1. Just grab the label-to-label distance for S209 and T221, each label 7 Å out from Cα along the Cβ direction, in nm (one decimal).
2. Where does the charge balance sit around V107 when Lys and Arg score +1, Asp and Glu -1, over other residues with C-beta under 10 Å from its C-beta?
3. Can you tell me the length gained on complete extension of the stretch M339 to R261, counting 0.36 nm per residue apart and subtracting the Cα distance?
4. Going by average Cβ neighbours within 10 Å, how do the peptides 143-149, 98-104, 333-339 rank, with the highest at the top?
5. Can you send over the carbon and sulfur percentage of the accessible area for segment 177-327, probe radius 1.4 Å, protein chains only?
6. Would you mind estimating how fast segment 101-192 diffuses translationally, via Stokes-Einstein at 25 °C and 0.890 mPa s with the Kirkwood radius over Cα pairs, in µm²/s?
7. With Rg and the Kirkwood Rh both taken from Cα atoms, where does Rg over Rh land for segment 115-256?
8. Sort T201, T96, T284 from largest to smallest accessible area, using a 1.4 Å probe on the heavy atoms of the protein chains.
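The values are calculated or read from the model by the stated rules, or taken from the named source; none is laboratory data. Every value quoted in this text rests on a predicted model; they were computed, and no experiment measured them. In this analysis, Cβ positions are derived from the backbone assuming ideal geometry, glycine residues included, and neighbour counts consider all displayed protein chains. Note: areas computed on protein heavy atoms with side chains; ligands, DNA, RNA excluded. Shrake-Rupley method; radii C 1.70, N 1.55, O 1.52, S 1.80 Å.
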Amino acid sequence: MGCGTLNPTIGSAGHLEALRAQPRVSLLLTMIFLFTFFFYSLSGSSCDPQPGPPLYGQRSADQSAPTLLDYHQPERMNRTRDLPHRTLPSHSTSGTKSFPQAIIVGVKKGGTRALLEFLRVHPDVRALGAEPHFFDRCYDKGLEWYRNLMPRTLEGQITMEKTPSYFVTLEAPKRIYNMSKDTKLIVVVRNPVTRAISDYTQTLSKTPSLPSFQALAFKNTSTGTIDTSWSAIRIGIYAKHLENWLQYFPLSKFLFVSGERLVSDPAGEMERVQDFLGLKRVITDKHFYFNKTKGFPCLKKPEGSGKPRCLGKSKGRPHPDIDQKLLLRLQDFYRPYNMKFYQMTGHDFGWD
């Protein structure tokens, strides 16, 4: 009987203690859930638009991962120029989000960032500042995800983006064509030798332990055999990459911008770009001044702004010294490809 009277007492006490503990456990679980939710919300997606270039040669396990066009591998816009100029603040909820009518698709270290910043001066251009990498790295996100990245536009304004790795991504032309066969495509090209050195210089600034340019560019420096497997060399074989694009888009959909002329005569080159896009020639020589320190043009400060707009300190890095004989060997290597590119585009860029 004594145990009979004690057991209910002990059981009741344990039950009361458990009841008291429940709110504390619930609070702890709630806090863990909220922390986890906010952590993942803030961390973002791996396919969020990135300001920097992709790492060429990388490929994800996903089936939609891009393939770089290898050197050895076989192979609606009707605008009125005199529309009134209208702009939208970055936080605006007016207008609509549209797929880009024009894309700067290449090339890395050719001058794509400068071109995009110059174009953003135009009141009829609304451009995504970061590189979305949709058609090379994030295609599995879907077109609606891509469209939602774009800035809002009013009637008569152009939506644009730039991702220079598209030009060397095998799947990019077909994917863009499937979005819209009327997309206008801009390719900023530059002497492939200086482009390769600039590409190397950028990588070296991030990886000081990188082997020398000569070691990466040449399989054998004594024989002068070029290593075309290195992306910095392969990107400059413009004719080979263009062949892939011409399977989907006619030449009339392309504008090839000279990276050299974008530096020496930015206003003149921007006239061509504005004409190609069907825009009124708003961007003129009054918008530019030459920055001797950086060695390229900058945008003059707009009225009411505190300072001129120049590209960041990562632009205009001094290039390493390369043996002149090796540079000549590289020029010889690229010459036949350059000649073919001139013939394909109908434009002599004067690199030889």
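1. Taking the two extended label points, one gets 2.1 nm.
2. That sum, taken over residues with Cβ under 10 Å, equals +3.
3. Result for the pair: 26.2 nm of gain on full extension.
4. Details: 143-149: 14.4, 98-104: 22.3, 333-339: 17.6.
Sorting 143-149, 98-104, 333-339 by mean packing, highest first, produces 98-104, 333-339, 143-149.
5. That fraction is 51 percent.
6. D = 182 µm²/s.
7. Ratio value, two decimals: 1.02.
8. Ranked from most to least accessible, the order is T96, T284, T201.
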